[in-house]
Structures are given as C-alpha cells and as structure tokens.
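Here's the structure we're looking at; comments come further down.
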Amino acid sequence: MTSLTNDDTLILETIDRFIEREVKPQVRELEHDDIYPADLVETMKGLGLFGATIAPEYGGLGLSTTLYAKIVERIAAAWMSLTGIFNSHLIMAAAVQRFGTEAQRREFLPKFATGEMRGGLALTEPDCGTDLQAIRTTAVRERDHYVINGTKTWISNGIQGQIFALLVKTDTTAEPRHRGMSLFLAEKGKGFTVSRKLEKLGYKGIDSAELVFEDYAVPADRLIGGEEGLGLKHTLSGLELGRINVAARGVGLARAALDESLAYAQVRKTFGKPICEHQSIQIMLADMATRVKAAQLMVESAAAAYDKGERCDMEAGMAKLFASEAALTNATDAMRIHGGYGYSKEFNIERYYRDAPLLCIGEGTNEIQRIIISRQLVERNPV
C-alpha cells in the first residue's frame, strides 16, 4: 500500500475530525429529510476540498489522486452524498486544468478552488446516458458566442451549482460523431434554467436536477481549450478521475457496512452465543473484509496511474467496477446480518442499502466498464 507522508496524515486527521464533529451528528436527519447540507458545504470550502486536486498555482491544494481517494473513502463511509458535491465539481476543474487555455485556467480555477464558484458536469440527457455520442444538445456559432439548445438530466449540483462543464454538439453531421462534440463552461443566466429537482431512492442531500437550455448564449472564449471537436476526449479524461472517486466511495461504503456488521455480530446473540460465532456469519464477515481490502488496493493502483499521467481508463474502470459491486454486496450482507434492525431507519444500514446501487450506475454503468476493460485488454495485448 502507498505510504503516507506526515502532511498526508495531518490532512486525513483533519478530515476525520470534521466527520466525527460535524457529519456524523447530523447525517441521519439531513439524509432522511433530503436536506442540502449548506453548513457542511461551507466547512468543506474552508477545508479546501473544492480545490483538492487543483494545482497550488491556481489556488488549490494540489493533492495527489492517491490522497484524494483516501479522503473520499473516509467521507463516503460517513455520508456518501457529500463526496458527490465536490466530485462533479473537481471533474469540471480537471477538464479546465488539463485542457483549458491559460486564460481559462487563471480565470476559473482559483474560483473553483475556493468554492466561490461550484458546479459539475452536464453530460446525460433524457434519451442519452451511456452513449454520449448520441447527445442532442447543440451549440451554433454566431459571431463571438454560441447559441445552445437542449436538455440535460440527472445533473449533480444542478440546483446549488453556478457553472457546469457542458457537453454539446457543435457539428451534428460529423463522422465519427465524437468529432462534432465540444465542451463549454456554462454559467447560469438567461436561457439556462433548472426545470426540476429529481427525487431519488438514495444519494439524498445532494441535488440532482434537469437543466434546460433555450437559446442560451455562451461566449466563444468559454469553449474549453478553444477548439471545437475535442469535447468527448476532454470528458472521458475527466471521467477517469470521477471513476476513481466513485470507486473510493465504494470502498468507504463497503468498509462502513463491514465495520457496523462486525460490531453488531459481537453483541447480538442467538442460541446462547454471539452471532459472530455462527459459521454462516463468519463466512459473510470474511468475504466482506476481503472485498474491502481488494477494492482499496485497486483504487490505489488506479490513483497511482492517474498521478503519473498515464492512461488509466482500464484501471479506473476495474476499480470502479469492483469497488461498487463490493459496496452493493456488503450493504446487502450487512442488512442480512442485522436482520430487522438493518431494515430500520434508526440505523445506518438501510441508508447504505439505498446508496450502494448508485455506485453501479454513476460515472458509467458497470456494464459499460466491462466493455471498456475488455477493449483495453485487447488493445494492450495484441497477438
């Protein structure tokens, strides 16, 4: 496992104190009532989480992806929704930092880093999720600006955010289709409206919304990188970081389910002994712990590759696939171990059970991850 520096340890200890003092005491109330955690967001701004992976020269913390993943794991174990508030935001920031013009970096990254401007990634459309090349939102150039029309859905931070990396078609006739796709920085304003908040089974607290663009004018200098046709490339690069984040969330949730199950199994008794002494429970606990450890190592591997600047869509996809399935399975096993208490809203298990499925869907379904992994295996190992 990757060793931590003294500074890394201090950062993680700070995150742990934030979780114990501010998150855990109120998470159940906020989550059950689906309340946006405005006070916690302000604290996260103060901790620098909105600039976690932004370079120091632009006002960010410049943390390694490896350390960032450990932060995400810890926060997700307490309340997964909080990680989504800064994950989507940092994917947007990564697109600007990696591919934006220097003027774009200097104008936006310092505001992103402080949380003064927050937002996310606007990709998904009502009839288009995994197949991003099928998006219908268009941007037409008119002198010094583009006019955008279309609808995006399931956009994290859609209500509370102010700016989004917006994927559009600048050329609807291009072949292959990805050559006609571009990514813009779109601030809320005239022609950009939030049509509704989308209600969800889990992942509450963070707002997911439908965004509508009707003759929305965006300045031409908001085209990320200043060149049309590179939007899908920029997006997929950002999703590598997003998938590492989702994988780290999976580790955190899987670990939380294990920790609570392990503690409960030692105090709950049946047939005159703690249930941890029953072989069926022992097998479940052993498998849960093994999934957590394996998922942690896969996340570390993907994060290390990302930090080196290597292509890591396969590694990130593997980590996301395995860790999210580990979270889903551990949450289910935790409910079985807790029995009726696992089904009660007075305990955390039912929240894990509702949150875990999202990880198998978000940032590309696990089905598409398998396709990405398979294609990369063939490409990297030609006969």
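A short reminder: the numbers here are calculations on the coordinates, not readings from a lab. Please read these numbers as outputs of a predicted model, since none were measured by experiment. Reconstructed Cβ throughout: ideal geometry from the backbone, glycine too, with neighbour counts over all protein chains shown.
What the table below lists for this structure:
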quantity: Net charge of Cβ neighbours under 11 Å - reference Ala248; Lys, Arg +1; Asp, Glu -1; calculated: +4
quantity: Neighbour-count order for Asp313, Asp33, fewest beta carbons within 10 angstrom listed first; calculated: Asp33, Asp313
quantity: Ellipticity estimate at 222 nm from DSSP helix runs (n ≥ 4, -39,500 (n - 2.57)) divided over the chain, nearest 500; calculated: -17000 deg cm²/dmol
quantity: DSSP-assigned coil residues among trypsin sites (Lys or Arg not before Pro) in the stretch 231-322, each with at most 12 further Cβ atoms within 10 Å; calculated: Lys308
quantity: Pairs of lysines in the stretch 119-229 (C-alpha under 26 Å apart; 8 or more residues apart or interchain); calculated: 12
quantity: For Glu228, Glu240, order by how many other beta-carbon atoms lie within 10 Å, fewest first; calculated: Glu228, Glu240
quantity: The stretch 233-380 - convex hull of the alpha-carbon atoms, volume per residue in Å³; calculated: 106 Å³
quantity: Tail weight of P(r) past 20 Å, computed on alpha-carbon pairs of the stretch 299-371, percent; calculated: 42 percent
quantity: Rg to Rh quotient for the stretch 1-85, alpha carbon positions, Kirkwood Rh; calculated: 0.98
quantity: Theoretical FRET efficiency, 1/(1+(r/R0)^6), r = Cβ-Cβ of Ala103 and Leu10, R0 30 Å, to 0.05; calculated: 0.30
quantity: Along each principal axis, Cα extent of the chain, largest first, Å; calculated: 79, 55, 44
quantity: For the stretch 119-229: Kirkwood Rh in Å [reciprocal of mean 1/r, alpha carbons]; calculated: 14.0 Å
quantity: DSSP-defined antiparallel bridges as percent of all bridges, the chain, nearest 5; calculated: 85 percent
quantity: Order of Trp79, Trp154 - criterion: other Cβ atoms within 10 Å of each residue's Cβ, fewest first; calculated: Trp154, Trp79
quantity: Amide H contacts under 5 Å for His145, placed H, 5+ residues apart; calculated: Ala220
